Amino acid sequence: MDPNELHNQVRDIYRRVFDREELEISDETAAKDIPDWDSLAQINLIVAAEEAFRVRFQTAEIRALKNVGEFKALIAAKLGGAGRP
């Protein structure tokens, strides 16, 4: 998957989860940057990504994530490396 396509799909997931169509994310975006990003939103993000990309995440993988860039890299790794920056 092309890195731009991956970014756009992840951005769309964030927009749906936070119900903010105008939401823009970058690789540096973290929970502190989005006011409604709490533990429930984190679960919703993970579930939405698992469904969208047809992958499964381990709890340890999720705990290690610090920002959107790391989330995208994890997704890319699950997809076999496609889409890695």
* To do: Collect the residues in the stretch 1-19 that are over 13 Å from ASN44 (Cβ atoms) and surrounded by 12 or more Cβ atoms within 10 Å (Cβ to Cβ), keeping them in residue-number order.
  => MET1, PRO3, LEU6, HIS7, GLN9, VAL10, ARG11, ASP12
* Structure fact -> If we ask which residues in the stretch 21-60 are farther than 12 Å from ILE75 by Cα, surrounded by 13 or more Cβ atoms within 10 Å (Cβ to Cβ) and charged (D, E, K, R), their number turns out to be 1
* Structure fact -> From the option list ALA64, ALA73, ALA52, single residue qualifying as farther than 17 Å from LEU6 by Cα and either in contact with an Asp or Glu (Cβ under 7 Å, 6 or more places away or on another chain) or not polar (S, T, N, Q) (or both) is ALA64
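Where a number appears in this text, it was derived from the coordinates with a stated rule and is not lab data. Quick caveat: nothing in here was measured; it's all calculated off a predicted structure. All Cβ positions, even for glycine, are placed from backbone atoms using ideal geometry, and neighbour counts span all protein chains on display.
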